[in-house]
Structures are given as C-alpha cells and as structure tokens.
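See structure below.
The values are calculated or read from the model by the stated rules, or taken from the named source; none is laboratory data. Keep in mind that this is a model prediction, so the values were computed, not measured. So basically every Cβ, Gly included, is an ideal-geometry build from the backbone, and we count neighbours across all protein chains shown. The protein model used for the area step is the full one, side chains on, heavy atoms only, and it has no ligands, DNA or RNA in it. Shrake-Rupley method; radii C 1.70, N 1.55, O 1.52, S 1.80 Å.
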Amino acid sequence: MSRKEKRTTVICTVIIVVMAVIMIFPFFLVILNSFKSMNEIGINVMAIPKEWRIGNYLNALKRMNFFKSLQNTVIVTLIGNAGLILCASMTGYWLCRNRKGINGVIYFMFLSAMAIPFQATMIPFVKVMNIFGLNGSLSGTAIAYWGMCCPTVIFLTEGTVKSIPIEMEEAASIDGCSKTGVYFRVVFPNLKNIVVTFTIMNVFYIWNDYLLPFLMLGVNKKSYTIQIALKVFSGEYGVRWDYMLPGVVLAMIIPVIIFIFCQRMIIEGMVSGSVKG
C-alpha cells in the first residue's frame, strides 16, 4: 500500500469513527440518564449517576403497563406486515408486469402517495377509517398501516420484479400453473431479499410510530402501543424523565436487536434489484 493510500485509509477511518460517535452518543446519554434521579438529570446530563437506580426501570414497567403495551405493539406489527407482504408485494408484481392503460395511472398514484406527508392527509384518513369501523382497535390500526406503507412496498417490489426473467413465468404458465401459482411458486421465492428488507423497514416504522396509533386508538388505554404508553410520564406541568428515559430504553431494545441481526439482509435486499438479471 502506497503512502497516499495509507493516508486516505486513515482519513476515512477517522471520519467513520467520528460519525459513529455522533450517532451513538445520544443513545449513550439516554441509557446513562435512565439510571438517575430527576435532580441528577436536571443538574448535569453528562455526569455519571451517583447511585444507579434500577428502580427507575421497575417503575417504568409498572406505570406504562409495559408487557401489555408490548403485546399490543407486536400484534399491530405482525398483522400490518402480514398484509403488506401478501397484498402489497402482489400489487407491485402485477403493476410491473401489466403497466399499460389504467395500471400505469394506478402505479403513478402509488408513487405520488410516497411524496405526500401523512400530516397532510391524517384527518380525512382517520375519517375514512371511522367509516369502515376500524378506529379504536388494534386490528384496525394494523390495517391502516396497509394503506400507509403499501406505496413503498410496491415501489421496492416493482424494482426487484424487473430483474426476474419473464421467461421463468412463461415456462410455469405453459406447464399449467395459474397466475396465482406463478406468483407464489416462481416470483415470490425470488423476492426473498426485498421482502425481508421492506418487512424490517416496516417493523421499525410501525414499532416506533406514535401519530397513527394515537389517532386510531384514541382513549382506549387497553390497546395502547409502547410509543403511546410512554405519554403517561408526560403531564401538564412537566415530564418525569427518570421514568420516561427507562421507558424509551425498553422500547428500543427489540428494534435494536432486530437491526443488529438483520442489517446484512437489509443491504442485500436494497441492491437485489439494482442489476438486471
């Protein structure tokens, strides 16, 4: 390795380390302060706790009804992703192979929906959900995510379907396979990487979302997800940070574990449709 290459390597390494520290430091502060009292947090957020208060986590678990909220969040996440994997991926495949006429307009509408922020459509969205009787329930909230997340899933699926040779589907049809059979036996197995990718992305989105569950579930406390349950620590006159921060740490654990074990699959899925097969 030449001197110039060594210098470039050192510079890149330093930049990466600095960026990593910048990204990790907020998480470090959250975890550090989750063991402090309110007074210690107010005095100096950077200081090491004088006493490591494990009781903060026990109080957070109890007051936010953590395990019930965790169960609700898992239910919404599973139902939401199941519908997206089945329906949205099939829609992306169909629109890729049948782009003519009205299908092209529908595909353009899905892409346009990706550019519209939810805050701009949340009032009519919730009213439509109410018309169908989906408000106030976990299943209704999960179904709402089918509409929220399907444009992105369709876009990612469509890009990957382009890399699948259409001759494979034609051969399956000649052998007597129906269109549904062609999808599940030929196309879907080749979508494995992108399915894993958008599923993990949607897990993060649904798990960490606050606004949609808040609008859909209303005052039904028994159905609160983790993110809404955290608001129990925020009152009219302030926030109990000594309980809020442990609650945030508890809410982060599962998404962080999923990301650590699935990051390679995310990258593989994102590049799977970049090269025409």
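Need the C-alpha centroid separation for region 71-137 versus region 226-242, integer Å.
Rounded to whole Å, the Cα centres lie 31 Å apart.
Which order do peptides 207-213, 14-20 fall in by mean Cβ count within 10 Å, highest first?
Per-residue Cβ counts within 10 Å, averaged per peptide and sorted highest first, yield 207-213, 14-20.
To the nearest Å, what is the center-to-center distance of region 25-65 and region 139-213, using C-alpha atoms only?
Value for the Cα centre distance between the two parts: 41 Å.
In Å², what does the accessible area per residue of region 26-83 work out to with a 1.4 Å probe?
Each residue of region 26-83 exposes 59 Å² on average to a 1.4 Å probe.
Could you work out the relative contact order of the chain? I mean the mean sequence separation of Cα pairs under 8 Å and 6+ apart, divided by the number of residues, in percent.
Relative contact order of the chain: 30 percent.
Can you spot the lysines whose alpha carbon is less than 22 Å from K68's alpha carbon? Ignore those fewer than 8 places along the same chain.
Straight-distance partners of K68: K221, K222, K231.
Mean Kyte-Doolittle hydropathy of 0.0 or higher plus an axial Cα length of 30 Å or more: which whole DSSP H helices in the chain meet both?
In the chain, the long hydrophobic H runs are 3-33, 138-161, 241-271.
I need the shape label for region 119-218. Rule: rounded when a/c is under 1.5, else prolate if a/b > b/c, else oblate, with a, b, c from the alpha carbon gyration tensor.
prolate
Could you report region 206-264's accessible area per residue, 1.4 Å probe, as an integer in Å²?
Per residue, region 206-264 has an accessible area of 54 Å².
Is the shape of region 40-152 best called rounded, prolate or oblate, per the rule: a/c under 1.5 gives rounded, else a/b larger than b/c gives prolate, else oblate, with a ≥ b ≥ c the square roots of the Cα gyration tensor eigenvalues?
It is prolate, given that a/c is not under 1.5 and a/b is the larger ratio.
Heavy-atom accessible area per residue, region 105-151, 1.4 Å probe: how many Å²?
I get 58 Å² per residue for region 105-151.
If each residue of separation counts as 0.36 nm, what is the full-extension length gain between Y237 and F28 once their alpha-carbon separation is subtracted?
Here the answer is 72.6 nm.
State the percent of C-alpha pairs, over all pairs in the chain, separated by a distance greater than 30 angstrom.
The proportion of pairs with Cα distances above 30 Å equals 47 percent.
For region 129-277, what is the relative contact order in percent, using Cα pairs closer than 8 Å and at least 6 residues apart in sequence?
36
At 1.4 Å probe size, with the rest of the protein present, what percent of the exposed accessible area of the chain is carbon and sulfur atoms?
Carbon-and-sulfur percentage of accessible area, whole number: 70.
Pull out a ≥ b ≥ c, the square roots of the eigenvalues of the alpha-carbon gyration tensor of region 112-155, then state rounded if a/c is under 1.5, prolate if not and a/b is larger than b/c, and oblate in the remaining case.
oblate
On a full-extension model of 0.36 nm per residue, what is the gain between V74 and I257, subtracting their alpha-carbon distance, rounded to one decimal in nm?
64.4 nm
Given the Cα-Cα distance of M122 and F188 and 0.36 nm per residue of separation, how much length would full extension add, in nm?
Result: 20.5 nm gained on full extension.
Between S178 and C12, what FRET efficiency comes out of the Förster formula 1/(1 + (r/R0)^6) with R0 = 41 Å and r the beta carbon distance, rounded to 0.05?
Efficiency computed from Cβ-Cβ geometry: 0.20.
Name the residues whose placed amide hydrogens come within less than 5 Å of the amide hydrogen of G136, ignoring near sequence neighbours (fewer than 5 apart) on the same chain.
L217
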